[in-house]
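Notes follow the structure.
The values are calculated or read from the model by the stated rules, or taken from the named source; none is laboratory data. Model, not experiment: these values are computed from the prediction. So basically every Cβ, Gly included, is an ideal-geometry build from the backbone, and we count neighbours across all protein chains shown. Accessible surface is based on the protein model in full, side chains and every heavy atom, while ligands, DNA and RNA are left aside. Shrake-Rupley method; radii C 1.70, N 1.55, O 1.52, S 1.80 Å.
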Amino acid sequence: MKKTAMLSAAAFIGINLVFPAAAAQNIRAKADVVCEPTKENLTYDCKIKLVDARTNAPLTGVTLTVGADMPSMPGVHNLRSVIAQAQGDPGNYRAILELEMTGVWALRLDITGATRDRVVKVLRFGDD
Amino acid sequence: MSAEILKVSGLATSYGKIEALKGVDLRVESGKVTCLLGPNGAGKTTLMMTIAGILQARRGSILLEGKQLVGLSPANIVTQGVALVPENRLVFPQMSVRENLLAGAYQRNDKVGIAGDIERMYTRFPRLRERSEQLAGTLSGGEQQMLAVARALMSRPRLLLMDEPSLGLAPMVVADIFRIISELNRDGTSIFLVEQNAHMALQVAHHFYLMEQGKVTFDGTPGELAEDEVIQRAYLGTSRRSDP
Amino acid sequence: MDDHVVSVLSNIGVISFVALSAYLLLLTGEISFGQQAFFGIGAYAAAIATAMWGWPLAAGLMLGALAGASSALLVGLPTLRLHGLYFAVATLAFAEMIRILLELFHYQVAVDGELVGPNGTDGFGGIRYVFQNKIGAFEYMLLIYTLLATALAGLWLLERSRLGVAFRMIGGDETLAKTSGIAITRHRMIAAALAGALAGIGGGLYAHLTTYIEPRIFDIMLGVHALAYGLIGGLGTALGPLLGVLIDIGLLGSTRLFSGYRMIVFGGLVAVLLIFRPRGLLNEEMVHRIGSFWRRVWPTDPSQKSHGKT
């Protein structure tokens, strides 16, 4: 037991060294997502609008990837994320999602590039 | 009469509203083998479990050399020097033979003494030495019973409780078990044995009790047992008596 | 490393904590359908600590572990005297109670002009510690696996300790463990607290991995899976439940092999294994055989050969 306690203490110190608390705040993103069914079964066409949460200015010059998880079974549905295409309008993106089943999905919007952030949007897919 | 190691008086144990022991009185003499006979459901296993502290007595007392065991935890009773070999030759099936022996010595912490005792068990039960690293669940019935006895002995008991050690074993293995019982007794361990096989028990036991429906109904020496008409019919078979 | 692979591996690592949590209780012979509750409690506690109180991640995770352990003790007091089915049902009922309480739990504060915190069924988003501190997905995965390795090392030591032997004895046969002088309830409480801590850390890691948690995540599905991982992978070693997670998430969940039919394949696998190999693929016998093989290939000092109580 003593050894286990020492291991935990070492892990605690280790994490604090590698991941110190509170660093500089980056840009925080905010998103609106609308998904429409397509002719393909379980395939959805999603339109995403990204803005800077503080200024409400459209977020441009970033790479947006969209993934999805089912909250009712965390960690298991590992869909491959898709890269969203930037649209003509600044801050507007579009992604085609192929889900495994209908139901509630948590969309993971991962922003990389000029800033890094993640926004999660929970949406219901399918018409039940 | 010699000194007694265990004295049970007025012992009652219940399962809910059903009283399994209805005031049991008996004594186990020091350095002797005492045998408890009785039909299924008479309360023999209940008595063993109550002495070992696994079941709680409702009334009565259990004295181990004068010390009250009622109310003590099973762990504490093991420390007091009582070990139980439960019925159906219980072993830890997913642990190796060696680990089972170590488990029997769980209450002790004298490493050297434990290692010495394991060696002694291997000498007494050579099959266990051969099977030392094997999982106990893969042993034969007889080997498991040997292991169950050895495991109980690892706590260095002064009083060994054995609940039907011959149940379901082949005749040759049963003979082995009884040989071991008398050897253990010769080495000074007091033994309290529950047994259905009265023929075998007659060869090792110094004193007999018969229990029926939660009460002791017979108390006597092997000689008196052999004379008792009722016991003759129920446990020894009438044919013996009629043979001149 | 490919982003998708990192994401799958991170999920495997995090879910492994719940699997280990259920495994630890299975070792002592208790079937719990409620370990997801401690995962949930750990997730909320750790997330509240970092996202709302500004604690560092390590402190948040510690709080998650502590919350998991102490709530497990609290639940253990009345339930650990129950056996078999009664215990299983009691843990399930408790976990559902926690989930419903989380649905009613509203506690939000304004962080940087935005409300952050648990908001009932609408969940708890914006757990951005990892993003604010510019921790990459790969680095975070390393953190998950470092902690998982620490947990495994701890379990490895535990299983070789007196306490671990007692756990296996209780799981092997309760009556016999009692006759060997083991205090059953006290040992079960220790196992429950450790299992709660493991699930709590897993929950904390999960919350920071996804940045979003909600009560639905901690429903019975997760609990059943956690239990199934040990039963599939095996109860002979702590690597067993990990194998179970690997089979489910790595093979069934992450390849398109069975896509929508994963649950059917998974359920079938559990059923078949319970019939033909009730203690899983890496059961005690298999572990034992691998151990003997290992000793034959790499003979060590014979005095070290004895295992169990040391």
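Could you check what % of the DSSP bridge pairs in the protein assembly as shown are antiparallel, to the nearest 5?
Counting DSSP beta bridges with both partners in the protein assembly as shown, the antiparallel share is about 80 percent.
Legend: mean number of C-beta atoms from other chains within 10 angstrom of residue C-beta atoms, peptide C:282-292, equals 3. Among the protein heavy atoms, those of B:ASP25 account for about 90 Å² of accessible surface (1.4 Å probe, every chain in place). Between B:SER14 and B:ALA20, B:ARG58, the built amide H atoms are under 5 Å apart, and every one of these is 5 or more places off in sequence or on another chain. Of all aspartates and glutamates in the structure, those lying under 18 Å Cα to Cα from C:LYS134, and not within fewer than 8 positions of it along the same chain, are A:ASP52, A:ASP110, A:ASP117, C:ASP3, C:ASP112. If you plug the beta carbon distance of C:SER292 and A:GLN85 into 1/(1 + (r/R0)^6) with R0 = 56 Å, you get a FRET efficiency near 0.45.
Couplings for the stretch C:62-68, taken from phi via the Karplus curve 6.51 cos²θ - 1.76 cosθ + 1.60 with θ = phi - 60°, read 4, 4, x, 5, 5, 4, x Hz in order; Gly and Pro are left as x. Look at the stretch C:164-177: the mean tally of other chain Cβ atoms within 10 Å of its residues' Cβ atoms is 5. For the protein assembly as shown, the cysteines with no partner cysteine C-beta closer than 4.7 Å are B:CYS35. By the compact-protein rule of thumb, 2.2 N^0.38 Å, the alpha-carbon radius of gyration of chain B corresponds to a ratio of 1.00. For A:ARG28, nonlocal amide neighbours, meaning residues 5 or more places apart or on other chains whose placed amide H falls under 5 Å from its own, are A:ALA53, A:ARG54.
In the distance distribution for the protein assembly as shown, Cα-Cα pairs more than 51 Å apart total 27 percent. Restricting attention to chain B, close to 55% of DSSP beta bridges with both partner residues there are antiparallel. Label-to-label distance for C:PHE276 and A:THR112 is 4.2 nm, based on points extended 7 Å past Cα in the beta-carbon direction. Once the Cβ-Cβ distance of B:LYS215 and C:LEU85 is raised to the sixth power relative to R0 = 35 Å, the FRET efficiency obtained is 0.50. Coupling constants for the stretch A:57-62 follow from the phi torsions by the Karplus curve (6.51 cos²θ - 1.76 cosθ + 1.60, θ = phi - 60°), and in residue order they are 7, x, 8, 10, x, 10 Hz; glycine and proline get x.
Using only the Cα atoms of the stretch A:28-125, each taken as one equal point scatterer with no solvent, compute I(q) by the Debye sum, divide by I(0), and report log10 of the ratio at q = 0.14, 0.19 Å⁻¹. Values returned for q = 0.14, 0.19 Å⁻¹ are -0.49, -0.87.
Please list, or write none, the aspartates and glutamates whose alpha carbon is within less than 13 Å of the alpha carbon of A:LYS39, excluding same-chain residues fewer than 8 places away. Within the straight-line cut-off, A:LYS39 pairs with A:GLU98. For the residue pairs B:LYS7/B:LYS67; B:LYS67/B:LYS215; A:LYS49/A:LYS121; B:LYS44/B:LYS215; A:LYS30/A:LYS121; B:LYS32/C:LYS178, alpha carbon separations beyond 18 Å are given by B:LYS67/B:LYS215; B:LYS32/C:LYS178. Per-residue packing, averaged as other Cβ atoms within 10 Å, sorts the ranges C:226-237, B:199-210, C:5-16 into the order C:226-237, C:5-16, B:199-210, beginning with the highest.
Note on chain C: with a GNM built from Cα contacts shorter than 10 Å, the maximum mean-square fluctuation among C:MET97, C:MET62, C:MET52 falls on C:MET97.
Eigen-decomposition of the gyration tensor built on the alpha-carbon atoms of the stretch C:3-217 gives equivalent ellipsoid semi-axes of 32, 20, 13 angstrom, largest listed first. Computed over chain C with a Gaussian network model linking Cα atoms closer than 10 Å, the most mobile of C:LEU147, C:LEU251, C:LEU92 is C:LEU251. Across peptide C:52-62, the average count of Cβ atoms from other chains found within 10 Å of a residue's Cβ is 4. Among C:LEU176, C:LEU143, C:LEU198, the largest mean-square fluctuation in a Gaussian network model of chain C, built with springs joining Cα atoms closer than 10 Å, belongs to C:LEU176.
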